[in-house]
């Protein structure tokens, strides 16, 4: 399986949060799956950390890459095609980070691991 972790899913995974579903934990811990974290999630984490809305044990520039390596999660860059594809999405909500994740999942044929009911409104496979 190829899956894109929503920002909260990634953060909950690295802190071993009980908020993660057992199904998502199985997917993430299965070494046969290809897991991705979008650059949009990195951007979101950096903004929230800078605003003091998210506390990390180290600077995002070090902490996030270290966690990607430790958890065998690949970074998914934002391509121009991803950015432009956002235009085609229905306006279920205005969160630019979630809309980018949906666009990337659609174009890259990825399921999204997300507990967000707004993400599930889009035509994309959401697993929780």
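Quick notes on this one:
- When the alpha carbon gyration tensor of segment 26-75 is reduced to an equivalent ellipsoid, its three semi-axes come out at 23, 11, 9 angstrom, largest first.
- Area projected by the alpha carbon convex hull of segment 1-97, averaged over all directions, nm²: 7.2 nm²
- Structure-based [θ]222 nm, the chain - -39500 (n - 2.57) summed over DSSP H runs of at least 4, per residue, nearest 500: -13000 deg cm²/dmol
- For the pair residue 74 and residue 108, label points projected 7 Å from Cα toward Cβ lie 0.8 nm apart.
- Approximate spin-label separation residue 54-residue 88, in nm, with each point projected 7 Å along Cα-to-Cβ: 2.8 nm
- Spin-label model, residue 118 to residue 25: label points 7 Å out along the Cα-to-beta-carbon direction sit 2.8 nm apart.
- Alpha-carbon Debye profile of segment 42-128, log10 I(q)/I(0) at 0.19 Å⁻¹: -1.00
Since every read-out is calculated from the coordinates, none of them should be taken as a lab result. If you're wondering where the values come from, they're calculated on a predicted model, not measured in any experiment. Ideal geometry is used to build each Cβ from the backbone, glycine not excepted, and the neighbour counts take in all protein chains shown.
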